[in-house]
Amino acid sequence: MIYIKNISYMMSHIFFLVFVYLFMVHRYSRKKTLAICFLSFLFTTVMNQLKLILFPGHTLLYFFITIIQIVAAQLTGLLISKKRDSRTLFVGLSASNYVVIGSIIASILYILTGNLALSLVGNLLVHIILLMPLYFKIRDIIFKFCERDLEKSRWEICLIPVFFYCSFSSIAFFPSTLYDHPENILISILLMITMLVSYVVVIRYLDSETKQVEEYWKNVMFESYIMGLESQNYLTEQSERNLKILRHDMRHYSTMIDSLLEQGDYAEIKNIAVHINEVVNENKVDQYCENRVVNTILMKMAEQAKSLRIDLHPDVLIPRQLPVNEYEFAMVLANLLENAVFSAKDVSSGNKFIDAKIHCTEAYLLIDMENDCEKPPQFDTVTGLPKSSRGKGHGLGMQSVQAFCDKMGGTIDCYCENNRFRIILYVKF
């Protein structure tokens with residue numbers, strides 16, 4: 001009996017670590033993450049030998065060692081995870097429930113058949129059968145939920161796996177086991193079904209909430225795009241009206257130039273030519289790039305910067321067809337430029353500026369922005385990105401930029417020196 005427990009516990013912890021490794025966004029490199037998981041497995045295995053082989057009859061010692069193993073397992077998840085918050089803990093606790101199912105199935109098979117090999121094979125198959133659909137169906141949902149910054153903590157969702165785990169433990173493992181009370185088999189099976197149904201509801205809720213956030217940002221981007229189109233359309237109509245007036249007046253300018261030529265007053269002719277050029281330049285619609293979506297966003301942000309007396313110096317190299325989703329790219333630009341404008345507008349000095357280098361080619365994407373700022377921003381200790389100082393409901397734009405960068409496999413670096421903030425986003429295709 002001790003032998004089957006030992007093998008079953010070792011197998012469960014292996015699959016626990018596999019679950020944690022697959023369903024968490026890693027803080028460290030793959031090699032370092034695997035090393036941490038291996039050390040966790042060794043520690044738990046040693047603890048198993050203590051409670052099952054060296055001190056099998058000490059109930060109190062068994063309880064305390066089990067608690068230590070649970071804490072060590074959950075700390076492993078928190079240690080390797082990029083974000084150490086309630087969502088990471090929820091994934092770790094859910095992993096514990098996932099492996100508990102395999103252990104209970106192994107116990108049930110052994111009680112019903114008395115076959116050691118069959119119970120261990122059943123344990124292995126249950127873990128694999130559960131892991132495969134979870135990996136392919138909900139991994140992306142969990143990743144999106146964990147990568148998104150929350151306005152408030154979600155510690156309450158951790159209660160779901162905690163209560164299920166406590167229920168399983170009290171029914172099937174401690175203080176008495178299913179081997180001692182096989183009549184609890186039916187209760188255990190019903191509880192497992194209840195847990196799976198509950199997780200379906202929770203995962204659907206998380207997926208729905210994530211999609212709502214994504215739709216919100218899409219709406220924000222499209223709203224900005226529509227406003228930019230309206231502004232561009234207004235400027236175009238205004239330019240057309242002014243140029244029509246200029247064309248109408250050209251015959252008068254022509255008469256004046258002919259008269260001045262006869263008089264030999266070339267200086268005045270030059271003044272008229274300068275005036276005509278000024279009228280034409282004033283009514284020229286800015287064209288930053290050939291991509292209409294991105295150009296619209298840049299026009300709108302340039303107009304906003306101009307209204308706040310901020311000098312925007314764009315260095316734009318963007319083709320008509322982008323190697324990335326143009327709407328996601330436009331949203332990233334809008335967020336970064338909006339943050340730069342917000343930071344620069346409060347600068348007390350008169351010379352407020354934003355330098356924006358935006359290059360997108362088939363080989364790489366580079367966004368390099370620098371702007372004045374009144375005081376250095378606060379930086380997130382995990383991501384290294386600036387945190388919003390505008391209170392609740394703000395800061396989501398930078399999260400969107402981080403999500404875009406992670407999706408493209410790029411890097412973001414930022415710093416602030418001498419009241420100048422600089423952020424660099426680079427993606428190599």
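Points worth noting:
- Tally of residues being in a loop (DSSP other than H, G, I, E, B) and either in contact with an Asp or Glu (Cβ under 8 Å, 6 or more places away or on another chain) or on the phi > 0 side of the Ramachandran plot (or both) across region 313-340: 4
- The sole residue among THR76, THR44, THR113 that is touching a His at 6+ places or on another chain (Cβ under 6 Å), of a type outside the set (Gly, Ala, Ser) and free of Cβ contacts under 8 Å to residues at least 60 places away in the same chain is THR44.
- Remark: pairs (first residue in region 288-302, under 16 Å from LEU317 (Cβ atoms); second residue of a type in the set (Val, Ile, Thr); Cβ separation under 6 Å; 6+ apart in sequence or on different chains) = TYR288/VAL316; CYS289/VAL316; CYS289/ILE318; ASN291/ILE318; VAL294/ILE318.
- From ILE67, ILE53, residue being without any contact (Cβ under 8 Å) to a residue 24 or more places away in the chain, in the same structural domain as TYR21 (by TED's automatic domain parsing) and either in a helix (DSSP H, G or I) or among the hydrophobic types (A, V, I, L, M, F, W, C) (or both): ILE67
- Flag if LYS144 is without any contact (Cβ under 8 Å) to a residue 12 or more places away in the chain, farther than 16 Å from SER103 by Cβ and within 19 Å of the chain's Cα centre (by Cα): no
- Residue in region 126-137 that is assigned by TED's automatic domain parsing to the domain that holds ILE203, in contact (Cβ under 8 Å) with a residue 24 or more places away in the chain, closer than 21 Å to LEU159 by Cα and in contact with a strand residue (DSSP E or B) (Cβ under 6 Å, 6 or more places away or on another chain) present: no
- Scanning region 25-41 for residues that are outside any helix (DSSP H, G or I) and either touching a residue at least 12 places away in the same chain (Cβ under 8 Å) or not assigned by TED's automatic domain parsing to the domain that holds HIS13 (or both) yields VAL25, HIS26, ARG27, TYR28.
The values are calculated or read from the model by the stated rules, or taken from the named source; none is laboratory data. The model shown is predicted, which means the values in this text are computed figures rather than measured ones. Heads up, the Cβs are rebuilt from the backbone with ideal geometry, glycines too, and the neighbour counts pull from every protein chain shown.
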